[in-house]
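Notes follow once the structure below has been shown.
Since every read-out is calculated from the coordinates, none of them should be taken as a lab result. Note that this is a predicted model, so its numbers are computed, not measured. When we count neighbours, we look across all protein chains shown, and the Cβ atoms used for this are built from the backbone with ideal geometry, even at glycine.
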Amino acid sequence: MAKHMAKKWFFVVAAGLLLSSSLEADNQVTQIPFADTPAGTVGLGAGLRFGRSPYRGVESLSSLENENNADRVPLYLYEGEYLFSHGTRAGLHLWDDSFRVDAVVQYRFDRLEPETSDFYRTVEKRSQTLEGGLALNRLWGTHEFSVNLLNDIQGHHNGYVTDLTYRQLLDYDRLRITPYISLIYQSEELVDYYYGVSAGESRSDLPDYHPEAVYLTRLGLNSSYRVFEGWHVFANLSWEQLDKEIRNSPLVDEDQIYMAFLGFHYEFGNVFDQSSPSNWSVKDWSWRIQTGYQAEGTFHKSHRGDLSRSKDVDAYLAGLTLGKLLSDGDVLDFWGKVSMNRRFENGMQENFWDYSAYVMAMGTGYSPWSQREVFRYGFGFGFDYAERIPMVEQIKQERKGRYTSHFLNYLEAQVDVPLRNFIEAKSVRNCYAGITLIHRSGIFATSDILGNVSGGSDVVAGHLECKR
């Protein structure tokens, strides 16, 4: 115990010393170059995560629900004055002066699925989790130093992790290359959860094992290339030498771990009006109210005109959506939107709130004779979080024998007409009425962050939207 406490306080003191010398840095291979964008920037992207699991007989890091050799990671990106989302890490900027202090939450991808092999027949599942804490960062020219202090906030491993990271930022016109080295400490609770073997799990060929806390070294190289304005592709690699406490586990047959992350992201625009002296403007905002019912058809079937009600549940939705113009294009406008909807489950379970954030591409149809605006069509992509699993998803996923998830991918389509074509009142000259198609689902059971969910649910809603 004394040894454990000594290690803990060593890293706490080290973090304190680096408070005076620490910019946003995430030492995971899933980091992408988005944190240095102007405050207010919104983006979307995706990546493929490759690697080998350290567990015995497990060749791929993908889930059993994911038959591919790679994990698809959707990237929902926002860099705000205070809030930020960088894909697998999100949080709040607490302090940004000579150094930056962030409160962060990030995803830990480590896991073990006992169904992988008969060897794990007596072993309990090791789950992925969310870790939260503080990130302390400082940039000196092309040299970046960071400290991360993170603790399990979902109660899976109940441990903590600390890392000290040094990066060098090398820019060559459109290309950025960032080599880094991390010194990582993982607590005894974390290591024992993922690599220990309890008395109840042990067998004659699987001995009881309880590792202590470990120190790890990670080397990595992150790279990105700006293909066009706003478009970036990236390729990240990392290598990690496992501590002997992990290597000696009867669950492990690897000495080192390699990982890679390949993908792209696109920056749609900025929610702040940079021309405003205060760097903030209420121009080009919109509000929308919507209400609708649970649909039977899928998203693409609803597009083709199947607006029938669900045969499984009689549920409803009503809510408010706020939007901000990100980019005013010649053909398409891009809007950043957030929705808050109340789900009414009609007695099948308690009603609950559903939250969405997404980017919508909006196009306009004009009359060929008068050039008058006739209709708008928008298509949105982002993420959705439901306080409860909608009952229709519970029913559908139970039939398939598949997982459910509170956090899922979000798609939305809307078509509407301007009310000024029918009503001359000044109060509705910038208002539209129409139909909204709301869809939440996984990415065909190929994404760990989305719970490897296959399928989802759809709502057909009517809406009234006004912009200023």
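Straight-line reach from residue 125: which aspartates and glutamates fall under 14 Å, measuring Cα to Cα and dropping same-chain residues less than 8 apart?
Straight-distance partners of residue 125: 110, 113, 115, 192, 201.
Residues of region 148-169 with backbone nitrogen within less than 12 Å of a virtual label 7 Å along the Cα-to-Cβ line of residue 127, please, listed as ranges.
Counting only backbone N, you get 153-158.
In nm, to one decimal, how far is the modelled label at residue 314 from the one at residue 301, with both set 7 Å along Cα→Cβ?
With each label placed 7 Å out from Cα toward Cβ, I get 2.0 nm.
What is the percent of Cα-Cα separations in region 293-438 that go past 24 Å?
Numbers: 4235 of 10585 pairs.
For region 293-438, the share of Cα pairs beyond 24 Å comes to 40 percent.
Between residue 219 and residue 46, what is the FRET efficiency for a Förster distance of 22 Å, r being their Cβ-Cβ separation, to the nearest 0.05?
0.30
Which loop-located chymotrypsin sites (Phe, Trp or Tyr not before Pro) does region 310-396 contain, where loop means any DSSP state but H, G, I, E or B and the Cβ has at most 13 other Cβ atoms within 10 Å? Write down the numbers at each step before the final one.
Numbers: sites: 316, 334, 335, 344, 352, 353, 355, 358, 366, 369, 375, 377, 379, 381, 383, 385; in loops: 369.
Passing sites in region 310-396 are 369.
Provide 187, 198 in ascending order of the number of other Cβ atoms located within 10 Å of each residue's Cβ, fewest first.
On the way: 187 23, 198 13.
With the sparsest Cβ surroundings first, the list reads 198, 187.
If you add up the charges near residue 203, with Lys and Arg at +1 and Asp and Glu at -1, over every other residue whose beta carbon is less than 14 angstrom from its beta carbon, what do you get? If you can, show how the numbers build up before the last one.
On the way: positive: 56, 121; negative: 118, 124, 201, 205, 208.
With Lys, Arg at +1 and Asp, Glu at -1, the neighbours total -3.
Of the cross-linked pairs 311/337; 426/467; 301/467, which ones have a Cα-Cα span greater than 21 Å in the structure shown? Intermediate values should be presented prior to the final figure.
Values: 311/337 30 Å; 426/467 13 Å; 301/467 29 Å.
Pairs exceeding the cut-off: 311/337; 301/467.
Full-extension gain between residue 98 and residue 403, please, as 0.36 nm times their residue separation minus the C-alpha to C-alpha distance. Don't skip to the end; give the middle numbers.
Values: separation 305, 0.36 × 305 = 109.80 nm, distance 4.54 nm.
Using 0.36 nm per residue and subtracting the Cα-Cα distance, I get 105.3 nm.
List the GluC sites (Glu not before Pro) within region 316-412 that fall in a DSSP loop (any state other than H, G, I, E or B) and whose Cβ has at most 11 other Cβ atoms within 10 Å.
On the way: sites: 345, 350, 373, 387, 393, 398, 412; in loops: 345, 350, 387.
Of the GluC sites (Glu not before Pro), the ones in loops of region 316-412 whose Cβ has at most 11 other Cβ atoms within 10 Å are 350.
Loop only per DSSP, at most 16 neighbouring Cβ atoms within 10 Å: give me the GluC sites (Glu not before Pro) in region 222-269, ordered by residue number. Walk me through the intermediate numbers first.
Details: sites: 229, 240, 245, 254, 267; in loops: 229, 254.
Taking region 222-269 and a limit of 16 other Cβ atoms within 10 Å, the loop GluC sites (Glu not before Pro) found are 229, 254.
In deg cm²/dmol, rounded to 500, what helix-only [θ] at 222 nm does the chain give when every DSSP H run of at least 4 residues adds -39500 (n - 2.57) and the total is split over its residues?
Numbers: 5 runs with 44 residues, N = 468.
The helix-only estimate for the chain comes to -2500 deg cm²/dmol at 222 nm.
Assuming R0 = 35 Å, what is the FRET efficiency of residue 254 and residue 143, from their Cβ-Cβ distance, to the nearest 0.05? Don't skip to the answer; put the middle values down first.
Working: r = 32 Å, r/R0 = 0.92.
Once the sixth-power term is evaluated, E becomes 0.65.
With labels modelled as points extended 7 Å from the Cα through the Cβ direction, what inter-label distance (nm, one decimal) is found for residue 370 paired with residue 388?
Taking the two extended label points, one gets 4.8 nm.
For each of 287, 95, count neighbouring Cβ atoms within 10 Å of the residue's Cβ, then give the residues from fewest to most. Can you show the working numbers first?
Values: 287 14, 95 11.
Ascending Cβ contact count within 10 Å gives the list 95, 287.
Using just the C-alpha positions of region 2-270 as equal point scatterers, what log10 of I(q)/I(0) does the Debye formula give at each q in 0.07, 0.15 1/Å?
Log10 I(q)/I(0), no solvent term: -0.26, -1.16.
Which three extents, in angstrom, do the Cα atoms of region 184-240 have along their principal axes, listed largest first?
59, 21, 16
Could you please tell me the mean projected area of the C-alpha convex hull for the chain, averaged over all directions and given in square nanometres to one decimal? Could you put the intermediate results ahead of the total?
Details: hull surface 103.6 nm².
Hull-based average projected area comes out at 25.9 nm².
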